[in-house]
1. With respect to B:Y205, determine if the residue is touching a Gly at 6+ places or on another chain (Cβ under 6 Å) and without any contact (Cβ under 8 Å) to a residue 60 or more places away in the chain.
2. Filter region B:254-265 for residues that are buried (at least 17 other Cβ atoms within 10 Å of the Cβ) and without any contact (Cβ under 8 Å) to a residue 60 or more places away in the chain and give the result.
3. Can you tell me which residue among B:P183, B:P233, B:P143 is part of a loop (DSSP other than H, G, I, E, B), surrounded by fewer than 17 Cβ atoms within 10 Å (Cβ to Cβ) and within 14 Å of chain A (Cβ to nearest Cβ)?
4. Taking B:K100, is it without any contact (Cβ under 8 Å) to a residue 40 or more places away in the chain and under 30 Å from B:W248 (Cβ atoms)?
5. Go through region B:274-311 and give me each residue that's free of Cβ contacts under 8 Å to residues at least 12 places away in the same chain and within 23 Å of B:P332 (Cβ to Cβ).
6. Out of region B:202-223, which residues are surrounded by 18 or more Cβ atoms within 10 Å (Cβ to Cβ) and over 26 Å from B:L160 (Cα atoms)?
7. Can you tell me which residue in region B:236-260 is farthest from B:K274 (Cα to Cα), limited to those that are part of a strand (DSSP E or B) and of a type in the set (D, E)?
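The values are calculated or read from the model by the stated rules, or taken from the named source; none is laboratory data. Since this is a predicted model, take the numbers as computed values, not measurements. As a convention, Cβ positions derive from the backbone with ideal geometry for all residues, glycine included, and neighbour counts pool all protein chains shown.
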Amino acid sequence: MKKSVLLMVLLCCMVAVPAGSNDCFSYPGTRVAYFSGCSCYACAYTGSGCTACTNGAGSCYTDGSTCEPGPLNQW
Amino acid sequence: MVICLRFLALVLFASTVHAQSVRVLSDRTLTGEAALVHDVRWASKDALYVTSYSSGVLQVGADSGAVQRVGFAEPGRRCPSCVLLGVSDTHIVTSFPVYKLAWKQTTKPRIHTFVFDAVVDLDVHDDRLLILGSRTEDEKWAPDGAVAWVGSLQSDLKDLRPVLYSSRGPKEMTVARCGFLEPGAARFFEDGSYVVVPGFEPDAYLYDRTGKLIHTWQTAKLGFLDRCELPEPQVQALSADPEQRALWRSKRILIDDVLPTRAGPALLLHRVQKGVAHWTMLILHRDRPPSRIELPFTAPSDVASLRADIHGNRIAFLIRTFGEWRDTKPAPSRLIIAELR
């Protein structure tokens, strides 16, 4: 029983580990700033651990919580 | 006799201080592709460039209002960098406030991009780019505390170098923490000298064209917010919530932009009274106290903000009224052409 609880805790912790460089919320010390006029959120630092959205203003047309690639950001 | 002379000097000084004024020549609401635009620069004596997130860089007739596309966005595709704008005879530069700026030579179609983590403001003179902002190195914000930079576009910004360092030290990360508040401004003068007004920390700095600091103005008593000392929870709240930010901004006097007038750097200070935005032009002189001009226009919104550019004595003011997070649609931008007398 104890082993299965330990396993569950371990799995939960693994899920909480950052999965990719595009997920600003996964990184410690980061925040998402809203930019008016662009109706847009973008990831920004408040510390180390997360680069700004690697695809530019990547979260601009979704829920503002993630930076994801899209046609908006391609040159 | 001495008293008389002093009185005369005072009268002369006062008349000089109040000598300048701003007269509105035209005031139009922009429409179509130019309805929601972010920044403005003179393209020539008759036309302006503006940045549109949805349409790229547009050229707008100063008198006619006629609009044509300049580039940065293909038809049907948006322009993610088309927020901040800098223009010289040879180059056009755009930048989103975080991550990346994009530039092109005026006569060539190719877009160059350059990663720069946080851009509060920018400007261009010939091929020289001035950035007020901060960048990361090895996933750390400017370890040297640099907050303003100059580099050459001709050399692909390989020579980009800091010209101003944070007075509060690199650990404060003032641009990283407060850049989203669009706190300051930077601009070249016609002769290639330039002014930097950080806004997130005190004072204004004037450099000659070689990058030598030639004058510093203390801003603590000039009547506007010249520093960002917000506790971290408030930074988090203001960055994520535009309505909280609008409320915070409406209770303070803030820098919207700076103009390179012949008399000196002219700060455009923004304040909100009873839901109406007002602006004051505060001209910084090197040999006497600043002079103030109340700008002869207002905007009926607590979220209106101002960007501007000057060509000779003609000023283009762009009033932006974004409030799209509210139920109402953003109001179309207003382009005001005025004369500095």
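1. Working: touching a Gly at 6+ places or on another chain (Cβ under 6 Å): no; without any contact (Cβ under 8 Å) to a residue 60 or more places away in the chain: yes.
It is false that B:Y205 is touching a Gly at 6+ places or on another chain (Cβ under 6 Å) and without any contact (Cβ under 8 Å) to a residue 60 or more places away in the chain.
2. B:G264
3. Values: B:P183 fails: surrounded by fewer than 17 Cβ atoms within 10 Å (Cβ to Cβ); B:P233 fails: part of a loop (DSSP other than H, G, I, E, B).
Answer to the selection: B:P143.
4. For B:K100, the condition - without any contact (Cβ under 8 Å) to a residue 40 or more places away in the chain and under 30 Å from B:W248 (Cβ atoms) - is met.
5. B:K274
6. Across region B:202-223, the qualifying residues are B:T219, B:L222.
7. Applying the first criterion (part of a strand (DSSP E or B)) to region B:236-260 yields B:254-260.
Subsequent filtering for residues that are of a type in the set (D, E) retains B:256-257.
Working: B:D256: 19, B:D257: 22 Å.
Across region B:236-260, the extreme among qualifying residues is B:D257.
Per-residue answers, yes or no, for (1) at pLDDT below 90; (2) touching a strand residue (DSSP E or B) at 6+ places or on another chain (Cβ under 6 Å); (3) away from chain A (no Cβ under 14 Å):
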{"site": "B:Q68", "(1), (2), (3)": "no, yes, yes"}
{"site": "B:I111", "(1), (2), (3)": "no, yes, no"}
{"site": "B:D117", "(1), (2), (3)": "yes, yes, no"}
{"site": "B:P170", "(1), (2), (3)": "yes, no, no"}
